[in-house]
1. Read through the list (1) open to solvent by 30 Å² or more (accessible area, probe 1.4 Å); (2) touching a residue at least 60 places away in the same chain (Cβ under 8 Å); (3) under 16 Å from Ala145 (Cα atoms); (4) not small (Gly, Ala, Ser), then give the number of the only condition that Leu63 fails.
2. Scan segment 231-247 and report the pairs whose first residue is within 16 Å of Val124 (Cα to Cα) and whose second residue is assigned to a helix (DSSP H, G or I) and charged (D, E, K, R), with Cβ atoms within less than 9 Å and a gap of 6+ or a chain change.
3. Could you check how many residues of segment 159-182 are within 21 Å of the chain's Cα centre (by Cα) and without any contact (Cβ under 8 Å) to a residue 60 or more places away in the chain?
4. Can you report the number of residues in segment 154-165 which are closer than 18 Å to Ser95 by Cα and either touching a strand residue (DSSP E or B) at 6+ places or on another chain (Cβ under 7 Å) or surrounded by fewer than 17 Cβ atoms within 10 Å (Cβ to Cβ) (or both)?
5. Could you tell me which of the residues Ile92, Ile126 is of a type in the set (A, V, I, L, M) and in contact with an Asp or Glu (Cβ under 7 Å, 6 or more places away or on another chain)?
6. Could you check segment 126-135 and list, in sequence order, the residues that are of a type outside the set (Phe, Trp, Tyr) and surrounded by fewer than 21 Cβ atoms within 10 Å (Cβ to Cβ)?
7. Just give me the residues in segment 83-115 being open to solvent by 40 Å² or more (accessible area, probe 1.4 Å), of a type in the set (Gly, Ala, Ser) and under 18 Å from Gly285 (Cβ atoms), in sequence order.
8. Take the residues of segment 42-60 that are out of contact with any Gly (no Cβ under 6 Å at 6 or more places or on another chain) and under 25 Å from Gln100 (Cα atoms): which is surrounded by the most Cβ atoms within 10 Å (Cβ to Cβ)?
Amino acid sequence: MEWENQTILVEFFLKGLSGYPRLELLFFVLILIMYVVILLGNGTLILISILDSHLHTPMYFFLGNLSFLDICYTTTSIPSTLVSFLSERKTISFSGCAVQMFLGLAMGTTECVLLGMMAFDRYVAICNPLRYPVIMSKDSFVPMAAGSWIIGVINSAVQTVFVVRLPFCRNNVINHFSCEILAVMKLACADISGNEFTMLVTTTLFALMPLLLIVISYSLIISSILKIPTSEGRSKAFSTCSAHLTVVIIFYGTILFMYMKPKSKETLNSDDLDATDKLISMFYGVMTPMMNPLIYSLRNKDVKEAMKHLFNGRLFSK
C-alpha cells in the first residue's frame, strides 16, 4: 500500500558521467567517431554482400544480418547518449526508456543466437563440405536467420514487460548511459528476485546454449582441420572461420562478464562496480560492432576483393 501512495515516475535521469564535463566531452568525440565507423563499416559489408554475386552464400547472408544487427543495436542507444553528453538535463521518459530496453535486449539476444547459427554454418562447410549445399540451402539459412530475430524480439518483449510492471517509487536515477535493463531493475521498490531468475533462465537459453553450440562446432572444426595433411590446406580451412571465432570471443567475453557474474544487494550499490559495469557496457555496445566489419574485412580474402571492386566501381557496372 505504501508503494501505491508514491508518485508514479514519468521519466528517468541518466547519470552516465554526470559531474565530469570534460570527460563527457572526450567521450562524446570518441563515441561519435566510433559510431560513424560502425555505420560506414557495417553499411559497406551489407552493400557488398548484396552487390557482389560471389558473396551470395549462407555465410555472407548471416554476416549481412550481423552487420544490420550491429547498426540497429548501436542506433538504439548511441544517439541518445551523445545528446545526453551535451545536455544539462539528462532525462528520458518512462515510455522512451521501455522502448530502449526492448530494442537493446532484442538486438543482444538476436546476436547471441545468430552467432550460434554462423558457427553451425562453418561446421557444415568444413566438416561436411559435400553436403553443404543441401544442408545450408536457402530454405534452411533464411529461416535460421529469421528465427534468430524472432527469438530476440519475443525474449525482449517478455523481459521488458516484466520490468515496466515493477513499481518505481522515489529513485529515478539510472546509473548508466542508457536504459540498460539490469540498471533499471535496480531502481524498483519491490522484490526483483523473480525478474533476476527469469533473466538467468533466458540468458542460459539464448546466450549460453548458442555458446555451447559454438564450442561444440569449433571443437569438431578444429578436429577436422588437424586431420588435413597439408599446412596450406589447414591454413585455408582455418581462415574461413577465424574471423567469426574472433568476433565470438570478443562478444561473449563482454556479455558474460556483464550478465553472469554474481551480484549481491550491497555490490549492486557499489560506485566502483557501477563504474566498471558502465565501462564494460560501453565496450560491449560500441567497440564490438565497430570491430566486427574490421575483423571480417581484414581476415577474409573474399570481402577484401569485393571491397576493392566496390571502391573501383566495378560492382555497379555488373
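1. The one condition Leu63 does not meet is (1).
2. Qualifying pairs under 9 Å: Ser239/Lys301; Thr240/Arg122; Cys241/Arg122; His244/Asp121; His244/Arg122; Leu245/Arg122.
3. Total satisfying the criteria: 2.
4. Pass one, segment 154-165, residues closer than 18 Å to Ser95 by Cα: 156-165.
In the following step, the residues that additionally are either touching a strand residue (DSSP E or B) at 6+ places or on another chain (Cβ under 7 Å) or surrounded by fewer than 17 Cβ atoms within 10 Å (Cβ to Cβ) (or both) were identified as 157-158, 161-162, 164-165.
Of the residues in segment 154-165, 6 are closer than 18 Å to Ser95 by Cα and either touching a strand residue (DSSP E or B) at 6+ places or on another chain (Cβ under 7 Å) or surrounded by fewer than 17 Cβ atoms within 10 Å (Cβ to Cβ) (or both).
5. Numbers: Ile126 fails: in contact with an Asp or Glu (Cβ under 7 Å, 6 or more places away or on another chain).
Only one candidate passes the filter, namely Ile92.
6. Residues of segment 126-135 that are of a type outside the set (Phe, Trp, Tyr), as a first pass: 126-131, 133-135.
Scanning segment 126-135 gives Cys127, Asn128, Pro129, Leu130, Arg131, Pro133, Val134, Ile135.
7. Within segment 83-115, none qualify.
8. Asn42
The values are calculated or read from the model by the stated rules, or taken from the named source; none is laboratory data. Bear in mind that the values here come from a model prediction, so they are computed numbers and not experimental data. A quick note on method: Cβ atoms are made from the backbone with ideal geometry, for glycine too, and the neighbour counts reach across all protein chains shown. The area values use the complete protein model at the heavy-atom level, side chains included, leaving out ligands, DNA and RNA. Shrake-Rupley method; radii C 1.70, N 1.55, O 1.52, S 1.80 Å.
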